[in-house]
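J.: Let me give you the structure first, and then I'll get to my questions.
The values are calculated or read from the model by the stated rules, or taken from the named source; none is laboratory data. None of these values were measured; they are calculated from a predicted model. Neighbour counts run over all protein chains shown; Cβ positions are idealised from the backbone, glycine included. Heads up: the accessible areas ignore ligands, DNA and RNA and are worked out on the full protein's heavy atoms, side chains in. Shrake-Rupley method; radii C 1.70, N 1.55, O 1.52, S 1.80 Å.
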Amino acid sequence: MITFQELGLNQDLLNAITDLGFTKPSEVQEKAIPALLNEERDLVALAQTGTGKTAAFGFPMLQKIDVNSRTTQGLILSPTRELCLQITNELKLYGKYCKGLNVVAVYGGASITEQAKQIKKGAQIIVATPGRMKDMISRKLVDISKIEYSVLDEADEMLNMGFYEDITDILSYTPEDKSTWLFSATMPKEVAAIARKFMYDPIEITVGNRNESTNQVSHEYYLVNGRDRYLALKRLADANPDIFSVIFCRTKRDTQKVAEKLVEDGYSAGALHGDLSQNQRDLVMKAFRNKQIQMLVATDVAARGIDVDDITHVINYQLPDEIETYTHRSGRTGRAGKTGVSMVIVAKSEVRKIKSIERIIKKQFEKKDMPSGMEICEVQLMSLANKMHNTEINHEIDAFLDSINELFEDTSKEELIKKFFSVEFSRFYDYYKKAKDLAVTDSSEGGDRAPSNNETRYFINVGRKDGYDWMSLKDFIKEVLELGRDDVFKVDVKDSFSFFNTDKSMEKRVLDFFTDFKYNDRFVNVEITENKGGGRRDRSGRGKKRNDSKRGGRRSSDSGNRSERVGRRSGGPKSDRRRSGSGSDRPRRSRRK
Ligand code: ADP
Ligand code: MG
């Protein structure tokens, strides 16, 4: 076992390490520390969150800078204020025996003059967010012209958040011959480009699996009437049975209200906002981390620093005022090499905002149709079927099988399956046959594919779990079938399965191809489904008008009462629901204060 001492760290640092209780270096530390101590070279390190990257660059930097000088020698850029503060605190702990050390955090939302004052006292290391750092430079409040070491921490995250230009700009004020150390959880091509641009012959370190995925987060928006926001939210949740999400609202009040309604409607939801006590917030976060809460409704401020890795969806219940806030929000998903979806519920008047966000984040939004009731029923059913298929049999039930078998003695397998699924299906069906159509016609939209009866929609048994997002699945299908660019559309990826459309004329080709098709040692199964995808068919009125849409048009109290309570979880064990329910009970009490 290698020790910190063997990595070549000095006594001051070793003493701090002892105090911290670190017994041995983590993998990224073991690889990076000696390399950085022994050479004046650039470095690119890929390592997931929580692998100890701060110390991997922090220890060498602390050892190499001159604490007797008041010149700023190290600059660390990090994506958020929370990380910035976190890194600063860690560095102070690591350097507690380095006499004269001054580490200053520079981030937005706090007094710039105060930060400038601290820097003036002589900060050898500055830890900064790109936005505020740029401000400081342009106001000449900081001098980074003598930097020897610069660190780009969480580089993928910074680029996700649209900081490319800020970073380029900041680095142009630093000397050519400094060393640059880049740390990132993933290596999308944007990060590779930065590495190429700013670094010379870097040492490369990879810890664990290298992740190649380029587009971690896809962006979608759903157009609805402003007053239907809540119903839309529920629908999005129902259409994604395995959702694990953060839902962003603009105000504390809305946050609380939405969370309460979700809980009432039987979802496992909780609220996180600034009117809750620290203790209440900790409890909600703990429940969320443990996945007892699937939908965390939060304000932007409260959600900062949420470092949960496997969030599948971020839902913008309302768009934020600042575009930068949108990037913070969407950055909560697609972390640690996983893919994620950022969904926005928008009213017509806000569509323009989507366009400006697209320009800033340099990514396209996909305009998606609200899933129709029947689509949701199908998704729920297929999800249940998949779960059932994958469930390991618990032989504890063997003891009761006799009486169960007796009960179903005269029931055929086919009938049994139908009955079993009807239990779940009827719950959603009964709700959605009454639910109104949420689709809003956007007259400005022209180029979209018209609804057509010449389309075929397919079910395919691969999904997000297999590492696909809509783009990569589309590519995959196109590739194996050797189809053209627009031949596969309306690709909708769920957790363990997906849907896509092709022209009806390709039906045979698709089905033939996927008969007994194996990929990565597993059968990929494709079937035709009845839905065409998207709510569009209902909206256009061209398709068969189901009687539900007639009833749906009635705005009646039944949409607010009993029939609303289709909570996805209500089929689950009672105790489960109660647990999550009480989680967000607490917030309710605090509001009355
Ligand atoms: P990353 O930046 O890779 O996400 P951090 O640097 O924030 O990870 O470290 C995560 C946590 O692990 C921190 O609380 C840190 O104090 C702790 N840590 C770092 N290195 C070690 C180590 N060698 N032994 C034990 N804990 C460590
Ligand atoms: Mg870190």
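J.: Thr180 is checked against (1) touching a helix residue (DSSP H, G or I) at 6+ places or on another chain (Cβ under 7 Å); (2) touching a residue at least 24 places away in the same chain (Cβ under 8 Å); (3) buried (at least 22 other Cβ atoms within 10 Å of the Cβ); (4) closer than 18 Å to Gln86 by Cβ and fails just one. What number does that condition carry?
T.: Exception for Thr180: condition (4).
J.: Do any helices (runs of 4 or more DSSP H) entirely within region 297-401 hold 1 or more residues that are more than 20 Å from Ala259 (Cβ to Cβ) and without any contact (Cβ under 8 Å) to a residue 12 or more places away in the chain, and if so, which?
T.: Counting at least 1 such residues, we get 351-361, 373-390.
J.: Now a separate question. Hey, any hits in region 318-333 for a residue that's closer than 24 Å to Asp466 by Cα, of a type in the set (Ser, Thr, Tyr) and at pLDDT 90 or above?
T.: Residues of region 318-333 that are closer than 24 Å to Asp466 by Cα, as a first pass: 330-333.
If we keep only those that are of a type in the set (Ser, Thr, Tyr) too, we end up with 330, 333.
Now narrow it down to the ones that are at pLDDT 90 or above: none.
Checking region 318-333: not a single residue is closer than 24 Å to Asp466 by Cα, of a type in the set (Ser, Thr, Tyr) and at pLDDT 90 or above.
J.: I would also like to ask the following. Identify the single condition in (1) within 16 Å of ligand 1 (Cβ to nearest atom); (2) open to solvent by 20 Å² or more (accessible area, probe 1.4 Å) that Ile306 does not satisfy, given that it satisfies every other one.
T.: Ile306 satisfies every listed condition except (2).
J.: Within region 5-24, restricting attention to residues that are part of a loop (DSSP other than H, G, I, E, B) and without any contact (Cβ under 8 Å) to a residue 24 or more places away in the chain, which residue is nearest to Lys92 (Cα to Cα)?
T.: Among those residues, the one meeting the criterion is Gly21.
J.: Now for a separate question. Quick check on this structure: which one of Val297, Val263, Val284 is more than 19 Å from Ser218 (Cβ to Cβ), of a type in the set (Val, Ile, Thr) and open to solvent by 10 Å² or more (accessible area, probe 1.4 Å)? Walk me through how you get there before you give the answer.
T.: Numbers: Val297 fails: open to solvent by 10 Å² or more (accessible area, probe 1.4 Å); Val284 fails: open to solvent by 10 Å² or more (accessible area, probe 1.4 Å).
Step by step, each of Val297, Val263, Val284 is checked, and only Val263 is more than 19 Å from Ser218 (Cβ to Cβ), of a type in the set (Val, Ile, Thr) and open to solvent by 10 Å² or more (accessible area, probe 1.4 Å).
J.: Further, regarding this structure: Against the definition (free of Cβ contacts under 8 Å to residues at least 40 places away in the same chain, away from ligand 2 (no atom under 14 Å from the Cβ) and touching a strand residue (DSSP E or B) at 6+ places or on another chain (Cβ under 7 Å)), how does Gln118 come out, yes or no?
T.: Yes, satisfied.
J.: Hey, among the residues in region 93-108 that are surrounded by 17 or more Cβ atoms within 10 Å (Cβ to Cβ) and under 23 Å from Gln11 (Cβ atoms), which one's farthest from ligand 1 (Cβ to nearest atom)?
T.: Asn102
J.: Let me ask something else. If I filter region 213-259 down to residues being under 16 Å from the mean Cα position of the chain (by Cα) and closer than 15 Å to Asp369 by Cα, which single residue comes out as surrounded by the fewest Cβ atoms within 10 Å (Cβ to Cβ)?
T.: Step by step, filter region 213-259, then rank; the result is Glu220.
J.: Further question: Which of the residues spanning region 48-66 are outside any loop (DSSP other than H, G, I, E, B), open to solvent by less than 20 Å² (accessible area, probe 1.4 Å) and either more than 6 Å from ligand 1 (Cβ to nearest atom) or under 13 Å from Glu148 (Cβ atoms) (or both)?
T.: Ala56, Phe57, Gly58, Phe59, Pro60, Met61, Leu62
J.: Something else now. From the set of residues in region 18-47 that are under 23 Å from Tyr97 (Cα atoms) and within 8 Å of ligand 1 (Cβ to nearest atom), which is surrounded by the most Cβ atoms within 10 Å (Cβ to Cβ)?
T.: Residue satisfying both the conditions and the ranking: Gln29.
J.: Find the residue count for region 288-345, including only residues that are under 10 Å from the mean Cα position of the chain (by Cα), under 27 Å from Thr206 (Cα atoms) and either within 16 Å of ligand 2 (Cβ to nearest atom) or not acidic (Asp, Glu) (or both).
T.: Qualifying residue count for the region: 15.
J.: Part of a helix (DSSP H, G or I), aliphatic (A, V, I, L, M) and within 14 Å of ligand 2 (Cβ to nearest atom): is that true of Ala45 in this structure?
T.: Against the criterion (part of a helix (DSSP H, G or I), aliphatic (A, V, I, L, M) and within 14 Å of ligand 2 (Cβ to nearest atom)), Ala45 does not qualify.
J.: Could you please give the count of residues in region 181-212 that are within 22 Å of the chain's Cα centre (by Cα) and in a helix (DSSP H, G or I)?
T.: 4
J.: Quick one: count up the residues across region 51-101 that are away from ligand 2 (no atom under 15 Å from the Cβ) and of a type in the set (D, E, K, R).
T.: The qualifying residues number 6.
J.: Consider Lys362 against the criteria (1) over 30 Å from the mean Cα position of the chain (by Cα); (2) closer than 30 Å to Met158 by Cα; (3) of a type outside the set (Ser, Thr, Tyr): it satisfies all of them except one. Which criterion is unmet?
T.: (1)
J.: Ala399 is checked against (1) more than 23 Å from the chain's Cα centre (by Cα); (2) surrounded by 10 or more Cβ atoms within 10 Å (Cβ to Cβ); (3) not β-branched (Val, Ile, Thr) and fails just one. What number does that condition carry?
T.: Going through (1) more than 23 Å from the chain's Cα centre (by Cα); (2) surrounded by 10 or more Cβ atoms within 10 Å (Cβ to Cβ); (3) not β-branched (Val, Ile, Thr) one by one, Ala399 breaks only (2).
J.: Another question, if that's okay. When the residues of region 143-166 are narrowed to those that are away from ligand 2 (no atom under 16 Å from the Cβ) and either at pLDDT below 95 or open to solvent by 20 Å² or more (accessible area, probe 1.4 Å) (or both), which ends up nearest to Lys117 (Cα to Cα)? Give the steps one after another, and end with the answer.
T.: Restricting attention to region 143-166, the residues satisfying the condition of being away from ligand 2 (no atom under 16 Å from the Cβ) are 143-149, 162, 164-166.
Adding the requirement that they be either at pLDDT below 95 or open to solvent by 20 Å² or more (accessible area, probe 1.4 Å) (or both) leaves 143, 145-146, 148, 162, 164-166.
Working: Asp143: 13, Ser145: 18, Lys146: 19, Glu148: 22, Gly162: 28, Tyr164: 28, Glu165: 27, Asp166: 23 Å.
Taking the candidates together, the pick is Asp143.
J.: Pairs only if they're at least six apart or on different chains, beta carbon under 8 angstrom, first in region 90-110 and over 11 Å from Phe59 (Cα atoms), second basic (Lys, Arg) and assigned to a loop (DSSP other than H, G, I, E, B); list them, first residue then second.
T.: Asn102/Arg70; Asn102/Lys121
J.: Pick from region 18-40 the residues that are away from ligand 2 (no atom under 16 Å from the Cβ) and of a type in the set (Val, Ile, Thr): which of them is farthest from the chain's Cα centre (by Cα)?
T.: Ranking the qualifying residues of region 18-40, first place goes to Thr18.
J.: In region 120-135, which residues are out of contact with any Phe, Trp or Tyr (no Cβ under 9 Å at 6 or more places or on another chain) and surrounded by fewer than 21 Cβ atoms within 10 Å (Cβ to Cβ)?
T.: Lys120, Lys121, Gly122, Lys134, Asp135
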